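Derivation of every value follows stated rules applied to the coordinates shown; laboratory data play no part. Here the structure is a predicted model, which is why all the values come from computation and not from measurement. FYI the Cβ positions are ideal-geometry reconstructions off the backbone, even for glycines, and counts take in every protein chain you see.
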Amino acid sequence: MKYGITIGNNNTSAYSIHNVKSTIAPVTSFVEHGRCTAAALVGETMDSISPTDTSVPAGKLGVVKEWIVPNNQLIGGIIEFTVTNTASTAMSYRLRSVAATSTTADLRLNQSPVVSYFTGSNGSIHPRGSWDFAEIASSVSYSAGSGWKYYNMSNGATDNLMTSATSYDSANAADSNKGHYGAKYTLTVNLSNPTTSAKTINIYMGSRVKPYGGAVKWSGNNVTYKVPTLASPPDKVAGTTQYQEGVLVAEVTLSAGQSLSRTITAASAGGLSTPALISFQTK
């Protein structure tokens with residue numbers, strides 16, 4: 001099939017498409033591609049690509065990018081691009097995700113309305129909506145010597161901002177993007193050592209709903225790491241997949257009375273579960 005992203009220009013002036021970055025690709029392993037996509041998003045290493053159409057005339061439809069998807073493969077990922085108006089008028093356009101059964105199809109001919117979302121046999125609905133932001137920000141504090149402490153990322157409460165009600169097109173939105181798929185989650189970590197001796201704090205990432213995976217970056221070293229498939233509690237049933245319980249994100253040593261702030265930037269991998277857990281321990 002052919003798959004593409006299109007823009008329908010509802011204005012009286014032309015639009016320009018540029019600054020296109022993408023992780024979209026036909027793949028056979030959706031989970032591993034989701035992990036790579038999360039790492040590219042967190043590490044800001046998405047591929048710079050040329051748009052299929054660099055401009056969209058007034059009243060016409062243009063293709064941002066299109067791909068051929070072989071049989072028995074899936075396609076997915078993240079795409080970012082800039083749309084610029086050639087005149088100083090308000091912009092009005094419709095963004096579509098389009099699929100055609102023919103690899104030679106002209107995706108510019110598809111101007112159908114938004115299709116209804118899909119409900120699974122168990123009543124499950126995948127998140128769907130359009131929001132005016134792509135980053136979630138929160139903070140947590142930890143004092144050395146206070147034992148194990150836990151912070152819930154993507155907790156469905158205080159950080160559940162991508163709800164169907166807040167979508168641009170709420171009538172066609174479905175469920176809430178509690179897992180923040182396609183978004184960066186930045187957690188400010190405030191660490192302090194109120195004791196009279198040096199202390200080392202370990203910070204871990206774990207799973208609250210198995211299996212979790214994605215990517216994480218600690219601002220202390222500014223390196224992006226792919227998070228393997230995690231599960232808690234671990235599977236101990238013979239003949240089933242054994243998951244790792246967590247990963248060490250950072251090990252921070254504070255002198256007596258020292259305080260500092262750093263950030264954890266994370267992204268969830270499509271095809272895996274959310275939410276995640278950030279754990280703190282004083283060694």
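Between [x] 22.5; [y] 21.1; [z] 19.1, which matches Kirkwood radius over Cα pairs in Å calculated for the structure shown?
[y]
Let me have the relative contact order for the chain, percent, based on Cα pairs under 8 Å that are six or more residues apart. Walk me through the intermediate numbers first.
Numbers: 706 pairs, mean separation 64.7, N = 283.
Worked out over the chain, it gives 23 percent.
Can you list the residues of segment 182-200 with backbone N under 14 Å from a point 7 Å past the Cα of Ser138, pointing along Cα to Cβ?
Inside the label zone: 184-190.
Calculated from DSSP H runs of 4 or more alone, at -39500 (n - 2.57) each and per residue, what is the 222 nm mean residue ellipticity of the chain, nearest 500? Walk me through the numbers on the way to the answer.
Working: 1 runs with 14 residues, N = 283.
Result for the chain: -1500 deg cm²/dmol, rounded to the nearest 500.
Find, to one decimal place in angstroms, the Kirkwood hydrodynamic radius of segment 2-104, where the mean of 1/r is taken over every pair of different Cα atoms and then inverted. Numbers along the way, then the final one.
On the way: mean 1/r = 0.0682 Å⁻¹.
The Cα-based Kirkwood calculation yields 14.7 Å.
Any idea what the relative contact order of segment 1-73 is, in percent, if you count C-alpha pairs under 8 Å spaced at least 6 apart? Intermediate values should be presented prior to the final figure.
Numbers: 117 pairs, mean separation 40.4, N = 73.
Relative contact order here is 55 percent.
Could you rank the peptides 36-44, 197-205, 81-89, 61-69 by their average count of other C-beta atoms within 10 Å per residue, with the highest value first?
Working: 36-44: 21.4, 197-205: 17.1, 81-89: 12.8, 61-69: 19.0.
So the order, starting with the most tightly packed, is 36-44, 61-69, 197-205, 81-89.
Projecting each Cα onto the charge dipole of segment 2-104 (Lys/Arg +1, Asp/Glu -1 at the beta carbon, about the Cα centre), which of Leu41, Thr6, Pro70 comes out farthest on the positive side?
Farthest along the dipole direction, towards plus: Thr6.
Under the rule of at least 5 residues apart or a separate chain, name every residue whose amide H is placed under 5 Å from the amide H of Gly220.
For Gly220, whose amide H was placed from the backbone, the distant partners under 5 Å are Thr263.
With labels modelled as points extended 7 Å from the Cα through the Cβ direction, what inter-label distance (nm, one decimal) is found for Ala198 paired with Ile49?
That separation, rounded to one decimal, is 4.9 nm.
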